[in-house]
1. Is the shape of segment 35-91 rounded, prolate or oblate, going by the alpha carbon gyration tensor and its root eigenvalues a ≥ b ≥ c, with a/c under 1.5 for rounded and a/b larger than b/c for prolate?
2. Once you list every other residue whose beta carbon is under 14 Å from the beta carbon of Gly167, what net charge do they have if Lys and Arg are +1 and Asp and Glu are -1?
3. Classify segment 141-199 as rounded, prolate or oblate, taking a ≥ b ≥ c as the square roots of the eigenvalues of its Cα gyration tensor: rounded when a/c is under 1.5, otherwise prolate if a/b is larger than b/c and oblate if not.
4. Would you mind checking which residues have amide H under 5 Å from Leu162's amide H? H placed 1.01 Å from N; only 5 or more apart, or other chain.
5. Pairs Lys35/Lys166; Lys59/Lys150; Lys70/Lys166; Lys76/Lys192; Lys149/Lys186: which are spaced more than 30 Å apart, C-alpha to C-alpha?
6. Search the structure for amide H atoms under 5 Å from the amide H of Val80, placed 1.01 Å from N in the peptide plane, and list their residues when 5 or more places away or on another chain.
7. Whole-Hz Karplus ³J(HN,Hα) for segment 163-176, in order, using 6.51 cos²θ - 1.76 cosθ + 1.60 and θ = phi - 60°, x for Gly and Pro?
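Bear in mind these aren't lab numbers, they're just calculated from the coordinates by the rules spelled out. Note that the structure is a prediction, hence the values are computed from the model and not measured. For neighbour counting, all protein chains shown are included, and Cβ atoms are generated from backbone atoms with ideal geometry for every residue, glycine included.
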Amino acid sequence: MISMNRSGSSLTEDQTDNLAVNECVRYILSREGSKIPIKQCDIRKHLEDNFNAPRNLMKNIISSANNVLKNVYGYKLVQVDAKQSQYIVVLNKPCTISMLSTYNNPQHRKLLIAALTHIYMSGTPIKEDDMWKFLTEAQLMKEFDVDKKKLLIKTFTRQMYLKYTKGRNDIFFFEWGQRAEEEIPKIFLLNKMSEAFNVAPDYWSEQYIKATRNENDDNGE
């Protein structure tokens, strides 16, 4: 099979496939900064428009692009919605030295880590009002800070760091989202808590068991 590139010169099938894979990688990395899940249909449209990539080869192209992301860039694609075929880009191996290294805004990062830590240490979904009270007492937001509330309710949930769900009596709750589960090692949070309170990490036995279990799973043990 011979196809044409943008300049009009002919390309072999292998060359076309390689270009499509490289462009797929470039497109995914360009979208990663927003942290918003990437739809497979958006990837497909981009590759069809730019390289006439056959639709029946799209899964192979994305799979090859995922191998490049892992081997070259240290990232991986994780499917988060099988029905709509959406993906998030996360570190291939969770980093236990620093957290959310790819999250650019340090103030937003601090707010998110505090919210995730509060949920994790509580061991249960957190009521919305209780989250606002915690973040206010931690001096990470003002009592009526609409922008910070919107950040948690809308931005962090769209990015899948948090889940924001409605319970009984119209009470809303925060939980860990799938991106947080994939990207953030719980043992790191627990070690930070132990440093802050000057106790051993296993002082919180339930959280410690979960954290070390997750760490062993990540290490393939």
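1. Because a/c hits 1.5 or more and a/b fails to exceed b/c, segment 35-91 counts as oblate.
2. Around Gly167, the charge tally is -1.
3. In terms of gyration-tensor shape, prolate.
4. HN-HN under 5 Å from Leu162: Thr157, Gly177.
5. Lys59/Lys150; Lys70/Lys166
6. Counting only residues 5 or more places away or on other chains, the set is Gln86, Tyr87, Ile88.
7. 10, 10, 10, 8, x, 5, 6, 6, 9, 9, 10, 9, 9, 5
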